[in-house]
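J.: Below you will find the structure I want to go over with you.
The values are calculated or read from the model by the stated rules, or taken from the named source; none is laboratory data. All values derive from a computational prediction rather than experimental measurement. Cβ placement follows ideal geometry from the backbone for every residue including glycine, while neighbour counts extend to all protein chains displayed. These area figures cover heavy atoms from the full protein model, side chains too; ligands, DNA and RNA do not enter into them. Shrake-Rupley method; radii C 1.70, N 1.55, O 1.52, S 1.80 Å.
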Amino acid sequence: MHNLFFKHRYTQRLNARIPKKLSLRTSALPFSAFAQRVADRRFAIAFLCVLSIFLLLPLPTWAAQTQRQRTPLTLELLQERLRTPTLREGNLTVDLQKMVIDLRPENTSFRDAFYQLLRKELGAKPLGLDLSYTLILGDFVGSDLGLRTPLYAQAMSGDKPRGVYAPIFTATEQKELERLRSVCLESLTNSKDCRSLLGTQSTPSSEIAVFRGVLTLVQTRFNGEMKFSNTFFLQSVDAQGATFLQSTNWAETRFGRLVSFSGAKFKQPSNFQGSIFFEKANFKQTQFQELADFQGSIFEKTANFNQATFKQLAKFNSVQWQENADFSDVRFGNQAQFTKANFNQFLLLTEATFEQAVIFREVEFNQSVNLQDASILNQADFSDARFSTEACLNVPGLTFNSSQAKILGNPGQIGKMFCIPTLQGNENILRNLGQNFRQQQQVADANELEYTKQQLRLVEMSRRLTATNINSASVASLINLGFSPTQAAAIAQRRLIKLFRNSSELLTLADIDLEKYTQLSVDVQRLIARHRLIVGEPLSIGTWLLQAWSCLGLSVLLLLSGYGTNFWLVFGVGGVAIAYFGFLFWLVDRYRRLHPVPIIPTSYETISILVSFSVLEFLSLLAIFRNAQQPWLTLGCLFIILVPVPLALLIRLYQQGRYHNLMDVSYFTEDGTFRQLRLLIGRLPVIPRNQTFRERYMPLLCDRHWNWLNYYDFSLNNLVKLGFNDIRLRDEHLPGIISALAWYQWSLGLIYITLVLWTLSRTIPGLNLLIYLK
């Protein structure tokens, strides 16, 4: 009875803890079946708990398990591995993989023997060392494993002074060591071994540790400091996925072959000062969690830092990059310093992120810097940077907010260095860059960016006017572009239903297999790149004419004033026009006829006007050629504006001749009551028809030697509304052609003075009269 009561109480408690759907029905089961069921449920719950704990184990636990799988290295095991090196990829290698090497101070006897045995074997013959998946406890002084040898000139030239180990090296190794001397001569670096190589005496400080074999550190974990300073690796170094928990010292190390730190983790400061990388250096996805110091290093081949992370200060000062430097998709969490660096090839910063300042002071760029889709969140300093003729800052897709970040550079120079291929998608970038330089009072750089923006707009407008629109082109036009008749018919049928919105929709046409799809994609992109094909709304004739007029006006503004950004260009354009019209007015006034009575100027006056005209035109053309982006196009535009109409009027004037009264009196009159410099905004080129004005305005004195200056004064009055005298045309016995010529210049003067004021407002800080009238 007591046992039955105990079983009944136990069943009640168990049912109370288990949900009703899983409750045990003991009344219908014997006690043995009931106990078996309880045991099964207990096993299932325990299994799930153990599995959950197993899956949620933290990484240190897994690391501890991996560590337990490593073999502790003993002297006996080390001697055995040294006696029986393995052959890997044609190189004999000492295999110390998956071991625990204890080099802590409390294990001094093993540590000393470890370095002694390895140094003896690795120095005698070119043996590699494989420490992959190995845990190293304590400091690892890798430079003690190399062969110590002097690097001064006699050793490399074949002489054998005391203490020279050079004869031990093979001919190939001697050649590798000689490469270091050539690099020192080319780079003129001031490192210790370069001073030794270029010197003639051996000193203890002139020695370098030479590591003759391959060094493999794949997934190796260093718990202590890592010291490989002043070491020459004649073979490759592979440290993919290695973890350095303490500081690492690679100062003045030479890497003769490929080096890879891909995926490595530097938990503490890493020092690569003065190192030379003779072959490709791979730091892809490397994590530098503390200071990364590459000051004074030389990269002879491509350096790949793609997807690397610099959480603290990154120093690349005075680094020489002989080939491409790839920092694509790199994240700089702290300041990045590239001061006095030299980039001989492309610098790739695509999708890079600069959370703090990046400094490029006194850097030399020989090729373009690709900042496409990069993010500058703080400050980028390009002060005193030198750009070659082929170098520029390629910034399409750049993330840059002028209210939070800044781009610094030399005033009047940095604005010319930005390269943007298209306006579409980059207008906001140009706007932010312009605001950045205006906030720093660098008006010239802001104007240069505005000029670039308008140039891109002109290209886009011209393309819209001249290229074939896929939504309005005929089938024959599409076939001429390279589409097959089937594709052209499919395009025509598709746009009847719905117009194409972008080029990618062309690739969704029916009856196109994978091969045709690929070929069509290539063809479409090629046509778009050549500006022969566009995708947009069809233009009506009226809309086309309006856009053509806008395109023409924008072209004139760009050619004659740099879109209001270059005052000296405007000054040169005005000088050409003033001298040209001054000469024309002198010609029509002083050279009237040869028969029957000649009315021509004197030889002195002719020589004076020709010399002055030549000087004024030379100075004006000099200003144009020094300031215009396309000076010949600017001159062509001026020729179209200044030459055809006046030339036609002059030809007509001399064809019909002049037969009117007052033939011996000048057509030009001057205000005899004033002789002073005046601003004549409201002045008209012809005097009013009133007797009082005829008395006030007196004809020019043609017999004076300085009379030829009056014609330039009249031209100056017409064009810029400024003059020393109020000179106008008389109102009676005046040929209409001469009046038309004066009115033509006066009309051009209204446009020119507006252009001058607009340009001044954009080029002089604080003079913002028309700054927002764009």
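J.: Please go through the residue pairs K120/K280; K175/K301; K311/K340 and name each one whose alpha carbons sit more than 26 Å apart in this structure. Working shown, then result.
T.: Values: K120/K280 30 Å; K175/K301 18 Å; K311/K340 22 Å.
Listed pairs above 26 Å: K120/K280.
J.: Please list, or write none, the aspartates and glutamates whose alpha carbon is within less than 14 Å of the alpha carbon of K98, excluding same-chain residues fewer than 8 places away.
T.: Leaving aside aspartates and glutamates fewer than 8 places away in the same chain, those within reach of K98 are D130.
J.: Please give the solvent-accessible surface of E505 in Å², to the nearest 10, using a probe radius of 1.4 Å with every protein chain present.
T.: Approximately 20 Å² of E505 is accessible to the 1.4 Å probe.
J.: Provide the net charge surrounding L127, with neighbours chosen by a C-beta distance below 14 Å and charges set as Lys +1, Arg +1, Asp -1, Glu -1.
T.: Details: positive: R81, R83, R88, R119, K120, K125, R212; negative: E89, D95, E121, D130, E173.
Counting the neighbours of L127, the net charge comes to +2.
J.: Further question on the same structure: Under the definition of Cα pairs under 8 Å and six or more residues apart, what whole-number percent is the relative contact order of region 674-730?
T.: Values: 57 pairs, mean separation 33.2, N = 57.
It rounds to 58 percent for region 674-730.
J.: Amide H to amide H under 5 Å from D731: which residues, 5+ apart in sequence or cross-chain, H placed 1.01 Å off N in plane?
T.: Excluding prolines and chain starts, which carry no amide H, the hits are I687.
J.: Taking θ = phi - 60°, what integer Hz values does the Karplus form 6.51 cos²θ - 1.76 cosθ + 1.60 yield along region 274-281, in sequence order, with x for Gly and Pro?
T.: x, 7, 10, 10, 6, 10, 4, 10
J.: Excluding K340 itself, what net charge comes from residues whose Cβ is under 13 Å from its Cβ, given Lys and Arg +1 and Asp and Glu -1?
T.: On the way: positive: K315, R361, R386; negative: E362, E364, D381, D384.
Net local charge, K340 excluded: -1.
J.: Please list 550-562, 110-122 highest first by mean number of surrounding beta-carbon atoms within 10 Å per residue. Present the calculation step by step, with values, prior to reporting the outcome.
T.: Numbers: 550-562: 18.6, 110-122: 16.5.
Those peptides, ordered most packed to least, come out 550-562, 110-122.
J.: Could you order peptides 320-328, 72-80, 653-661 by the average number of other Cβ atoms within 10 Å of their residues, highest first?
T.: Numbers: 320-328: 21.2, 72-80: 13.1, 653-661: 11.1.
So the peptides 320-328, 72-80, 653-661, ranked by packing, come out 320-328, 72-80, 653-661.
J.: If you don't mind, there's one more thing I want to ask. Would you kindly state how much longer the chain becomes between K175 and V611 on full extension, computed as 0.36 nm times their sequence separation minus their alpha carbon distance, in nm to one decimal? Mind dumping the intermediate values first?
T.: On the way: separation 436, 0.36 × 436 = 156.96 nm, distance 6.98 nm.
Extra length available between K175 and V611 comes to 150.0 nm.
J.: Turning to a different aspect of this structure: What is the local net charge at V94, summed over the other residues whose Cβ is closer than 13 Å to its Cβ (Lys, Arg +1; Asp, Glu -1)? Don't jump to the answer; show the numbers that get you there.
T.: Values: positive: R81, R83, R88, R119, K120, K125, R212; negative: E80, D95, E121, D130.
Charge balance near V94 sits at +3.
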